[in-house]
Amino acid sequence: MDEFLQSDILCFFGTHMDAYPMYEYLEEQILSRIPEAQIKVSKTQISFSYKRGFAFVSFNPCRKAAQRPEVWMTVTFGLGYRKESPRIDVATEPYPGRWTHHVMVGSIADIDGELLSWITEAAEFALQKGR
């Protein structure tokens, strides 16, 4: 990873540095499964793309404050259908055939095989949409 991207990522975490180890683990897991993934940092999110965006990290509070872990980040992924799971905090269909799912992550243990399989599926969906 180039040092400018790393610097942008650290700036993104700013006041949320306690969540940075979770992000590092998530990034490592995504890139080990999808080495072609590109990372882009904006003011509000970090995007992973494979032709199109497929996974995003933000501090979008998809739960009420009392229901959030002390340390958290939101992982968002897109699929062509609504994924059903109690782990998914919010699922919306911004346009037909595109479902956006938000999962609040409060520990590295939350970045498990199930979440990573959803992200991998989202990457495959993004690749198909990019053709």
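Given the conditions (1) touching a strand residue (DSSP E or B) at 6+ places or on another chain (Cβ under 9 Å); (2) exposed (fewer than 11 other Cβ atoms within 10 Å of the Cβ); (3) closer than 24 Å to Pro86 by Cα, and given that Glu70 satisfies all but one, which numbered condition is not satisfied?
In the conditions (1) touching a strand residue (DSSP E or B) at 6+ places or on another chain (Cβ under 9 Å); (2) exposed (fewer than 11 other Cβ atoms within 10 Å of the Cβ); (3) closer than 24 Å to Pro86 by Cα, Glu70 misses (1) alone.
For the condition under 17 Å from Leu127 (Cβ atoms), touching a residue at least 60 places away in the same chain (Cβ under 8 Å) and not acidic (Asp, Glu), what is the one hit in Ile39, Ile30?
Among Ile39, Ile30, only Ile30 is under 17 Å from Leu127 (Cβ atoms), touching a residue at least 60 places away in the same chain (Cβ under 8 Å) and not acidic (Asp, Glu).
For (1) among the aliphatic types (A, V, I, L, M); (2) surrounded by 14 or more Cβ atoms within 10 Å (Cβ to Cβ); (3) in contact with a strand residue (DSSP E or B) (Cβ under 9 Å, 6 or more places away or on another chain), each residue gets a yes or a no:
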site	(1), (2), (3)
Gln6	no, no, no
Cys11	no, no, yes
Pro35	no, no, no
Lys43	no, no, no
Gly53	no, yes, yes
Ser58	no, yes, yes
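State all residues of region 91-107 that are in a strand (DSSP E or B) and modelled with pLDDT of 95 or more; if no residue qualifies, say none.
Ala91, Thr92, Glu93, Trp99, Thr100, His101, His102, Val103, Met104, Val105
Quick one: would you say Ala123 is under 14 Å from the mean Cα position of the chain (by Cα) and of a type outside the set (D, E, K, R)?
yes
Report every pair of residues separated by at least 6 positions or lying on different chains whose Cβ atoms are under 8 Å apart, first residue within region 79-97 and at negative phi, second of a type in the set (D, E, K, R) and open to solvent by 100 Å² or more (accessible area, probe 1.4 Å).
Within 8 Å, the pairs are Ala91/Arg82; Glu93/Arg82.
Where residues in region 108-131 are over 14 Å from Phe54 (Cα atoms) and either part of a strand (DSSP E or B) or touching a helix residue (DSSP H, G or I) at 6+ places or on another chain (Cβ under 7 Å) (or both), which of them is most open to solvent (accessible area, probe 1.4 Å)?
Taking the candidates together, the pick is Ile108.
The values are calculated or read from the model by the stated rules, or taken from the named source; none is laboratory data. For clarity, every value in this text was computed on a predicted model and none was experimentally measured. Here the Cβ is made from the backbone with ideal geometry for all residues, glycine too, and neighbour counts use every protein chain on show. Side chains are part of the model used for accessible areas, which takes the heavy atoms of the whole protein and leaves out ligands, DNA and RNA. Shrake-Rupley method; radii C 1.70, N 1.55, O 1.52, S 1.80 Å.
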